[in-house]
1. So which residues in segment 78-101 are farther than 14 Å from Thr35 by Cβ and modelled with pLDDT under 95?
2. Can you spot a residue in segment 33-48 that is under 21 Å from the mean Cα position of the chain (by Cα), surrounded by 12 or more Cβ atoms within 10 Å (Cβ to Cβ), modelled with pLDDT under 65 and assigned to a loop (DSSP other than H, G, I, E, B)?
3. Within segment 50-76, track down each residue that is surrounded by 13 or more Cβ atoms within 10 Å (Cβ to Cβ) and farther than 16 Å from Ile39 by Cα.
4. Let me confirm something: among Phe104, Phe75, which residue is touching a Leu at 6+ places or on another chain (Cβ under 7 Å), at pLDDT 95 or above and under 14 Å from Ala44 (Cα atoms)?
Amino acid sequence: MIKKHSLLVLLIGLIFLACKKNNDKSNDCFPGAITTRQIIDKPASIRQQADGLFYIIEQGTIDSRLNACNLPTEFQINNLDVTISGEVKATVWGGPGPCCIENFVITKISR
């Protein structure tokens, strides 16, 4: 009887693990890049560049832009005020691209 009970508990545990949804919404599109700082529930604004790309400006910063690799399409609106959380990644500057844009992985965003 104990074997049947143990087998049933094991089977239920396996079903639970197999059906468990992955709630990791970070979608880290800069794998291997070192996180230089965390942003938690900070007010920010979405901005659109002349070339159509979107970036985020943290409120209270001077010309610091965040390149959010996983910005949802419903937030791709110029001058949209949002609240963000996420990880700023180490960014290598150089070449023809602009400086002062840091790579960013959003873990939470809201209006």
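1. Val92, Trp93, Gly94, Gly95, Pro96, Gly97, Pro98, Cys99, Cys100, Ile101
2. No, every residue in segment 33-48 fails to be under 21 Å from the mean Cα position of the chain (by Cα), surrounded by 12 or more Cβ atoms within 10 Å (Cβ to Cβ), modelled with pLDDT under 65 and assigned to a loop (DSSP other than H, G, I, E, B).
3. Listed by number, the residues that qualify are Phe54, Phe75, Gln76.
4. Only one candidate qualifies: Phe104.
The values are calculated or read from the model by the stated rules, or taken from the named source; none is laboratory data. Note that this is a predicted model, so its numbers are computed, not measured. In this analysis, Cβ positions are derived from the backbone assuming ideal geometry, glycine residues included, and neighbour counts consider all displayed protein chains.
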